[in-house]
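In what follows, a structure is listed as structure tokens, so that the remarks can point back to it.
The values are calculated or read from the model by the stated rules, or taken from the named source; none is laboratory data. This structure is a prediction, so every number in the text was calculated from the model and none was measured. Quick reminder, even Gly has a Cβ in these numbers, built from the backbone with ideal geometry, and neighbours come from all protein chains shown. Remember, those area values only see protein heavy atoms, side chains included, never the ligands or the DNA or RNA. Shrake-Rupley method; radii C 1.70, N 1.55, O 1.52, S 1.80 Å.
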Amino acid sequence: MFFEELGIYYEVYGEGNPLILLNGIMMNTVSWLEHIRFLSKYFKVIVYDMRDQGKSEKLNEEYNISIHSEDLKKLIDYLGFKKVNLLGLSYGGQVAEIFASKYPEYIDKLILSNTTYRVDNFLASIGEAWKVAAKSYNGEIFFDLALPFIYSKTFYNYNFEWLQNRRKIFKELLTKEWFDSFIRLASSNTTFDVSDDLEKIKCETLLIAADEDIITPISDMMYINNKIKNSELIIIKNAGHAAFLEKLNTYCNLIKGFLI
């Protein structure tokens, strides 16, 4: 379905309290397929592609990440929800932090997964490396240069064949339009810093970290935990930045347990 005003593609599954899932930077609605199957048994699950992702509108100029938080507000209003449960993963977690600090009245419970409170020099350098890889306009090169940051060493060592199949998919599916959109997304959060805004988040919050996540390490999420007073930090073992895939069942059960 499309929210025509913004050119945003979205999907709705199940019944119950609304749960909106916010994509990571390389994701789209399809990335949540297995999670939807699990979570839609308990909640009304809404997934959507932010601008420059998936089937949503592609932009022609650079923008700030905060544009997505304003889009989210308009989408919630359009769908007629008074309050929602919100899960933000990585880049989506940054959007969720902006949204939750600016529009707290819209949120029942908040989940922040494998995300950070600011883009420091290290994370900015990873982003620049990703953009260099994207400018190759080659799915296999992009996979080889960008994806080792995403998954844990444990997952790489035990699931290498699966990862190589993903590499083939990248070669087949990633287009010049996708790469150009990704570059704009990766350029949108270079000044991201909500250090002074986290204390505005008052709702019950679950933080999900992973012990092998080098992109948004446990220390970043501990900082968020200290700033959001009504928050709990859970650390998934033997997983990296893509813990939502590496430990899918554990991940979904954490969400279910927190929201029910």
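Condition first: of a type in the set (Asp, Glu) and open to solvent by 60 Å² or more (accessible area, probe 1.4 Å). Now tell me which residues in the range 132-167 satisfy that. Walk me through it before giving the result.
From the range 132-167, those of a type in the set (Asp, Glu) are 140, 144, 161; that's our starting set.
144, 161, listed by residue number.
For the range 76-84, does any single residue satisfy the condition of being open to solvent by 10 Å² or more (accessible area, probe 1.4 Å), in contact (Cβ under 8 Å) with a residue 40 or more places away in the chain and of a type in the set (Gly, Ala, Ser)?
no
Conditions first: (1) of a type in the set (D, E, K, R); (2) buried (at least 19 other Cβ atoms within 10 Å of the Cβ); (3) more than 27 Å from residue 45 (Cα to Cα). Residue 213 passes all but one, so which condition is the exception?
(3)
Against the definition (more than 26 Å from residue 43 (Cβ to Cβ), modelled with pLDDT of 95 or more, in contact with a strand residue (DSSP E or B) (Cβ under 8 Å, 6 or more places away or on another chain) and not small (Gly, Ala, Ser)), how does residue 192 come out, yes or no? Step through it out loud before you land on a result.
Working: more than 26 Å from residue 43 (Cβ to Cβ): yes; modelled with pLDDT of 95 or more: yes; in contact with a strand residue (DSSP E or B) (Cβ under 8 Å, 6 or more places away or on another chain): yes; not small (Gly, Ala, Ser): yes.
Here the answer is yes, as residue 192 does meet what is asked.
Can you find a residue in the range 108-130 that is among the acidic types (Asp, Glu), over 20 Å from residue 203 (Cα atoms) and open to solvent by 10 Å² or more (accessible area, probe 1.4 Å)?
Yes, that holds for at least one residue.
What pairs can you find where one residue is in the range 52-69 and farther than 19 Å from residue 118 by Cβ and open to solvent by 40 Å² or more (accessible area, probe 1.4 Å), the other is in a loop (DSSP other than H, G, I, E, B) and of a type outside the set (Lys, Arg), and their Cβ atoms are less than 6 Å apart, with a gap of 6+ or different chains?
Taking only residues 6 or more apart or on different chains, the pairs are 55/49; 57/7; 58/52.
Taking the condition of being aliphatic (A, V, I, L, M) and under 17 Å from residue 210 (Cβ atoms), how many residues in the range 132-162 meet it? Walk me through it before giving the result.
Initial filter on the range 132-162 (aliphatic (A, V, I, L, M)): 132-134, 141, 145-147, 150.
Those still in the list that are under 17 Å from residue 210 (Cβ atoms) too: 147, 150.
Total meeting the criteria: 2.
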